[in-house]
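What follows is a set of notes on a single structure, which appears directly below.
The values are calculated or read from the model by the stated rules, or taken from the named source; none is laboratory data. Owing to the predicted nature of the structure, the values given are computational and were not obtained by experimental measurement. With ideal geometry, Cβ positions are generated from the backbone for all residues, glycine too; neighbour counts draw on all protein chains shown. For accessibility, only protein heavy atoms count, side chains too; no ligands or nucleic acids. Shrake-Rupley method; radii C 1.70, N 1.55, O 1.52, S 1.80 Å.
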Amino acid sequence: MSGSPPGASGPITVCWSVDEWAGAIVRLPAAGPLPCRTVLAPREPVAHALRRALVEAGHAPALAGTRFVTLVEAAAAVLDRAGVAFTPGEEDLRPVRLLALLGTDLGLEYFSPGLLRDRPGWDVALARAIGDLEAAGLRPDHLDAAADPRLRDAARIWRRADGAAGRSWTAARVVAEAAARLARDPGLWPYHGPALAAATGHESLAEARLLRAIPGVTLALLAARPLREGHLERVRLHHGPAARAALLAPPPRRHGSERDLLASYLFEPPRVLADPERPRSGGPDGTVRLEEHAGVDAELDATADWVAEQVASGIALEDIAVLVPALDPLAALVAGRLAGLPWPGGALPVHVAGGLPLTSTPAGGRALAVVRALGQHLAGEALAEVLPALRTAGADGRHLTRGQAVDLVWSLGTGGGNPAHPAGALEWVDRLAAREAQLEAQLARARAARDDPERPGLARPARDLERLLADLRAARPAIAALVDVARLVVARAPLADVWPALRETLSAWLLQPGDGPRVPALLDERLAGLAGAAGALGGDEALRAIERAIETLRVPAGRFGEPAVYVGTVSGAAGLRFAAVRVIGLAEGHLPPLVHEDPVLPDALRAPLGLATGGEQALAALHALDLAVRAAGRRVALSAPRLDLDRTQCEPSAVMLEAAAALGRPDAVTGARGAVIPDLAALRRDAFAPARRAATRFRREVPLGERAWQDGIAHGALGLPPHWRGAPALDLERLAALADDGLLGGRAAGLPVPGLTPERPISATALQDLLRCPYLYLLGRLLGLEDPAGAPLRREIEQPAYGVLVHGVVEAFFAAHGRPFCAHVGTLERWLAAADPIVEHHFEAFLEQYPLAGDRVRAVQRERLREDVRDLLRAEWELGPRHFVAAERTFGAPVPVRLPLGPRALFLRGTIDRLDTDGRRTLVRDLKTGRVVRRVGADAAPDPVGDLQIAVYGLVAQHLAAEWGMPATVGVAYVGRHGDVRGFVDDFATVLAPAAREWLALAADLLAARLFPRTPVPADCQYCRFRPVCGEQASERAARVLAAGGGPLARFRSLKAGAGEAEAPGDAERGGEPDGAGEADDGEAR
Amino acid sequence: MTGAERPAAPDQAQRDAAVRERARNVLIDAGAGTGKTTLLVDRLVAMVAPADGARPVPLRRLAAITFTRKAAGELRLRIRERLLQALAAPGLEPGREGALREALADPDTAHVGTIHGFADRLLRLRPVEAALSPVYEIVEDEDELVRETWERLIHAVQSETLAAELAGTPAAGRADEATRTILLALAADLRAESSETEHRTRFGLDALVAAFVRARDVPPPDADPAGFDIAAFRAAAAAFVAAAAPVAGAAPGARWMAGTATRLAGLRQVEDPARLAREVRRAMARKPRQMRKRQEFGGEDVAWRAWKAVSGAAAGAPPVLAALRAPLDRWLATRLARLFPVVVTLYERVKARRRALDRLTCC
């Protein structure tokens, strides 16, 4: 309808669609040979849609002489004509400006300065509130006399912010100033000819004033449902009573399809819906789907299928829209899922309106991690997390893995800052330099030790040191660069100094994938301006400003107008048109959104000032949805997840009820006419269920994604897809082999296993794992599956590091004093005192590579080490005088020890903690930092797991006795914490050795046959890290597998039947702390 | 079957009365699926759009609290459904229609939610009075906040900056004492951080911090710290030494008894409770995990009887081990309890920095 209502500046045209809007452009009274028109569109994409609609409706000639401008562009042109100078973009700068201001004395009444300063977020909240006030055409002066102190405070802050901003203006200010000037002087309007301006009634007061001030403007009122009295009143205030009256007219009704019914009756008053004469749906016709999904993931899959269905039905990509209630995080998820659809030449083109968050890109996420690490003062954990995001030195673009980064950072000893000591961030440079020198020295020693069996074997293996040193050298420049930035932060340097330094660091060291955005360049555009606005903002606050800039920056994804599926918000799609529209995420509370009160200007203050209240924001969301549904020319799908992204169960939005009511489908079971307003049960029966069936049908016919294949195969509807058969990762035969309880057999004949050849010797601890559970050995030792690297405890020395430390001290003690100590020369007290400086020396050296924080904590740990070493020495002393031979005696290097075991032999390498003789016997000892179980009662018999390690050492000592010049009679013992002893000193040859030979023969047979069954003893699994892999029923299953097997399997079953539920003596995993040395053993060779 | 078509319940009259009642509180106590939500929705709709001409109550002035978020969502949906159904009914009186239409605009801003959601809403309405960040987030799991609280505390203690951390808060006066207490606890060999292994969890001071935070609505009594009862400790130590005097032999239990007696005897002149606590803790750590006559005492009667005497297992014997630890535990525990305000203050600081609110604070 058209008319010229009193109180408005021109005629009004109500538009229910983009086509009607385009028609209004054609009808503008532009005459003459060169007609000129101006169309004020909300955004450039809307202008594009209007141009396209004009062309498609055969009005292409109308494009000649028609200028499309946005309201802000028009306002800027008015100000330009008025000679007003300004710089746009203040909305981006204002929060930082406020952040700097909140630290100063603002003379506030209501807001406490401490609160604004100490509680993050007030800068943004105040900036938003001031922006809203500005958009209402207000200035600080208008609020000085306000009754509410919040408004007076807002005015004070606003005035100071404006003073700091100078001529830097927000878009709202530009519009407000232009409206005021144009109202006074219509001659400032810069465009010739008639103008058509779009309005929805949700404009701000300043925008409405500007529209009214345009001379001879025709208002294109975009109508939407539902009608609410408050909104109508707002339209009356903004655009006059005629505009209000115009909105009351019923929308055009069509009923050719369900889509037409939905567009005609969505959000119509129930009385209209209840009209028995109104057209209703006869059942689903494929043009409208109302869907409910188990969760967001399923909804995304269904979205991808739906898009594919639209493409398959011939709809152009740019005519397909997937809309979300809010852009983040759903838009990125949708774009990612759509990009996975098969498409010729690469990914399916997708345009995300508004772009994707910079942080959703790999480089953006890494940049944020860097800034946050700096914000945490480069604490150890933060540095370890961020290092994998940085390039290492060298031209190969390498980077550390997370495990390497964790190992490196925590091997640097105590470093990094914390809130109480921010300057600790600067310590890394010195720590790196010192550690590099130490590693070089350690490496030299380890390399020498590697070639010399007489040298101590507990030095960290050379290859580990080489790797660590290489990582340190590679990461050192990047860490130094980070520390340079941290130095500025600690010195509270201003943003203008911090950002360039950080930019340089990011440019030089941040890993950025080839086709991703150049993060430093993107940020530079934003932060260069912020630096000017930030004033004295420095240190941590400067970092916060940078962090926020990264968090809020978005990067373009596709381009509107090009052939690409449109992904955007429901409100952002207002004014656009598509052939197929899908709105997802329609869960209760998401659309319409649950609106929170503004923390600065609650609704009670907003309403009198003409600012939109929470209720109006919710209504705007419904109007946008209504526009989106009307803009869908052929198909509409509305969908809701049952489980939200935060795993909360939710109901479908009430929008679903209203959509179902608009359709008025019959009862899907009885065919009878349903209630005017369906309940949830009817919704599920008549809407969700048919949609699910239709989607499943398409998915079966055209399985596009992995989920569709899995689903189809699971239901027996599809056979195995060809692409599953050839892929090595999905090779079903290989999977079957692994699932076959570890019985690889001949199929894995090529799998190299240690122990059977001199080239690959095996260690005692690896054999211990093998006989505990061969499957554990397969996963842990052969396949190398490990727990992910993690930060160590920083206030206690963890195992295995503690075990290595104790062994190192004891080794050094016996290297220095072994002979006189074992000969009982002097008193025990003298030797205990002699151990103290060794403890001290080793502990200090240890601190260089272990992050033990705090003097008191270090003192406690130093004392713990001293006590434990003394305990071990006391236990040694109590064993009586002996002849010391060696501590940490390496065997099998460089040539492994060949231990014959019947038809086979095992090749061994390792280190024996202690070797002594008592004249007639060789005494072999293994030190444990945990408890050991004495040979008492049921624990007296040899245990195939717990006693295997010491048994191997005993057999090796026996084997090499002549070579070592020692007695061939051997006695063995574990010495545990607090002097506990488990020994086979007198009965090694008669009890432990024969049993151990059988165990080792079995181990060799299992290795040779590549048989790695699971243990049938549940106690073996109690602390196993692979327990979740094997499942709770693993032992029962293993028992069945072993019962069905012969040969080594039968012998293994027999071995385990003997072990039963008995605990494993001396076993590091029972009874106490795990033993460090055993854990440190790499399983093959040292 | 829609609600309108549902046959009347046997207690329909009582249900109707509950819907109509305005002067008294109404309690509905019924099993699942019996119609509690339906009644609640009916009552709400009857209040916002009375059919009897009574004055309507705007929906935004009512609060409906549910136990779960799902239930809240369902309630909002049902309210809207019922309002729409009422509006679709023929012959609607104009006044009631107006009230229903007005209410239809309100479910999105009405107070329908969980108790946490309701509290959250109130706090967001008055963030200044609640001294909150305007953009706080409610955290479901406060582990991260607790961990940072612990880190801040221990860092500040170790760098002696706790007073600066607490400046301007009521807990500031407790900073030096808290620093001393934590250092004493570490000196007494209390573990700083809990350590979780496959075998067990050994709790440290961080667990105490976590417990303080989680139970901060029930603060411990803020009593003065207890003095160390050195006489009681010495008496217990002497009793242990006396009981262990006849014990000999190499069995682990006997060795522990003898070794501990030697240690305790060596502490006769020591008065520092932190050191005594450390020594006793270490002695207890050396004790074999189980004490059985045959296994740990090699069947020796004398040592076994001595053990029974000190452990309190012998009939009529006072529990010497407990008496040995009690004065030390009391001394330390009464000091540790006074860390409470310091911990809670630091926790509040952490929450503020992270713009976070936990559920306890929210309510």
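Observations on the model:
- Selection within region A:236-282 - more than 22 Å from A:T13 (Cα to Cα), within 14 Å of another protein chain (Cβ to nearest Cβ) and aliphatic (A, V, I, L, M): A:V272, A:L273, A:A274
- A:V581 vs. criteria within 14 Å of chain B (Cβ to nearest Cβ) and crowded, with 23+ Cβ neighbours inside 10 Å: no
- Any hit, region A:878-893, residues being open to solvent by 20 Å² or more (accessible area, probe 1.4 Å), of a type outside the set (A, V, I, L, M) and in a helix (DSSP H, G or I): yes
- Every residue from region A:105-149 that is acidic (D, E), within 34 Å of the chain's Cα centre (by Cα) and open to solvent by less than 20 Å² (accessible area, probe 1.4 Å): A:D123
- Any hit, region B:197-214, residues being within 11 Å of chain A (Cβ to nearest Cβ) and among the hydroxyl-bearing types (S, T, Y): yes
- Among (1) farther than 30 Å from A:L34 by Cα; (2) modelled with pLDDT of 95 or more, the one test that A:G187 misses: (1)
- Screening region A:1010-1059 for helices (runs of 4 or more DSSP H) wholly inside it with 3 or more residues that are of a type outside the set (A, V, I, L, M), out of contact with any strand residue (DSSP E or B) (no Cβ under 7 Å at 6 or more places or on another chain) and open to solvent by 70 Å² or more (accessible area, probe 1.4 Å) returns the ranges A:1034-1043, A:1047-1059.
- Listed by first and then second residue, the pairs linking a residue in region A:781-810 that is aromatic (F, W, Y) to a residue that is at pLDDT below 85, with Cβ atoms under 9 Å apart and 6 or more places separating them unless they lie on different chains, are A:Y802/A:E796; A:Y802/A:T929; A:Y802/A:E1073; A:Y802/A:G1076.
- B:E279 meets all of the listed conditions (1) open to solvent by 50 Å² or more (accessible area, probe 1.4 Å); (2) out of contact with any Pro (no Cβ under 8 Å at 6 or more places or on another chain); (3) not hydrophobic (A, V, I, L, M, F, W, C) but one, namely (1).
- Only listed residue being within 14 Å of chain B (Cβ to nearest Cβ), in contact (Cβ under 8 Å) with a residue 40 or more places away in the chain and closer than 17 Å to A:G979 by Cα, chosen from A:L865, A:L923: A:L865
- Residue selected from region A:791-811 under the condition of a type in the set (A, V, I, L, M, F, W, C) and either in contact with a Pro (Cβ under 9 Å, 6 or more places away or on another chain) or in a loop (DSSP other than H, G, I, E, B) (or both), by the criterion farthest from the other protein chains (Cβ to nearest Cβ): A:A801
- Within region A:109-127, residues that are within 8 Å of chain B (Cβ to nearest Cβ) have Cβ atoms under 9 Å from residues that are acidic (D, E) in these pairs: A:Y110/A:D148; A:Y110/A:D153; A:F111/A:D153; A:A125/A:D598, counting only partners at least 6 apart in sequence or on another chain.
- Being at pLDDT 90 or above, buried (at least 18 other Cβ atoms within 10 Å of the Cβ) and among the β-branched types (V, I, T) is a property that does not hold for A:V519.
- Residue within region A:685-706 that is surrounded by fewer than 23 Cβ atoms within 10 Å (Cβ to Cβ), of a type in the set (S, T, N, Q) and assigned to a loop (DSSP other than H, G, I, E, B) present: no
- Residue in region B:219-238 that is of a type outside the set (S, T, N, Q) and under 30 Å from A:V981 (Cβ atoms) present: yes
- Scope region B:269-283; condition within 33 Å of the chain's Cα centre (by Cα) and either farther than 18 Å from B:A235 by Cβ or in contact (Cβ under 8 Å) with a residue 24 or more places away in the chain (or both); matching residues: B:P273, B:A274, B:R275, B:L276, B:A277, B:R278, B:V280, B:R281, B:R282, B:A283
- Residue check, B:T66 buried (at least 17 other Cβ atoms within 10 Å of the Cβ) and polar (S, T, N, Q): yes
- Of the criteria (1) at pLDDT 85 or above; (2) within 33 Å of the chain's Cα centre (by Cα), which one A:G755 fails: (2)
- Of the helices (runs of 4 or more DSSP H) lying entirely inside region B:123-241, those containing at least 2 residues that are among the hydroxyl-bearing types (S, T, Y), crowded, with 18+ Cβ neighbours inside 10 Å and in contact with a Leu (Cβ under 8 Å, 6 or more places away or on another chain) are B:175-187.
- Within region B:286-310, tally of residues that are within 28 Å of B:A235 (Cβ to Cβ) and either in contact (Cβ under 8 Å) with a residue 12 or more places away in the chain or away from chain A (no Cβ under 14 Å) (or both): 17
- Every residue from region A:400-447 that is under 16 Å from A:Q849 (Cα atoms) and hydroxyl-bearing (S, T, Y): A:S411, A:T414
- Residue match in region A:968-980 (condition: out of contact with any helix residue (DSSP H, G or I) (no Cβ under 8 Å at 6 or more places or on another chain), under 25 Å from A:V885 (Cα atoms) and away from chain B (no Cβ under 14 Å)): no
- Helices (runs of 4 or more DSSP H) contained in region A:187-267 and holding at least 2 residues among the charged types (D, E, K, R) and touching a residue at least 12 places away in the same chain (Cβ under 8 Å): A:205-213, A:258-265
- Scope region A:595-620; condition within 8 Å of another protein chain (Cβ to nearest Cβ), among the hydrophobic types (A, V, I, L, M, F, W, C) and free of Cβ contacts under 8 Å to residues at least 24 places away in the same chain; matching residues: A:V595
- For region A:827-845, filtering for residues that are under 30 Å from A:R435 (Cβ atoms) and open to solvent by less than 20 Å² (accessible area, probe 1.4 Å) leaves 3.
- Options A:V636, A:V669, A:V655, A:V676; residue that is away from chain B (no Cβ under 11 Å), in contact (Cβ under 8 Å) with a residue 24 or more places away in the chain and among the β-branched types (V, I, T): A:V636
- Looking only at region A:482-496, residues that are open to solvent by 40 Å² or more (accessible area, probe 1.4 Å) and in contact (Cβ under 8 Å) with a residue 40 or more places away in the chain come to 5 in all.
- A:H824 surrounded by fewer than 21 Cβ atoms within 10 Å (Cβ to Cβ), touching a residue at least 24 places away in the same chain (Cβ under 8 Å) and away from chain B (no Cβ under 14 Å): yes
- Scanning region B:311-340 for residues that are more than 30 Å from B:E177 (Cα to Cα), free of Cβ contacts under 8 Å to residues at least 40 places away in the same chain and assigned to a helix (DSSP H, G or I) yields one hit, B:S311.
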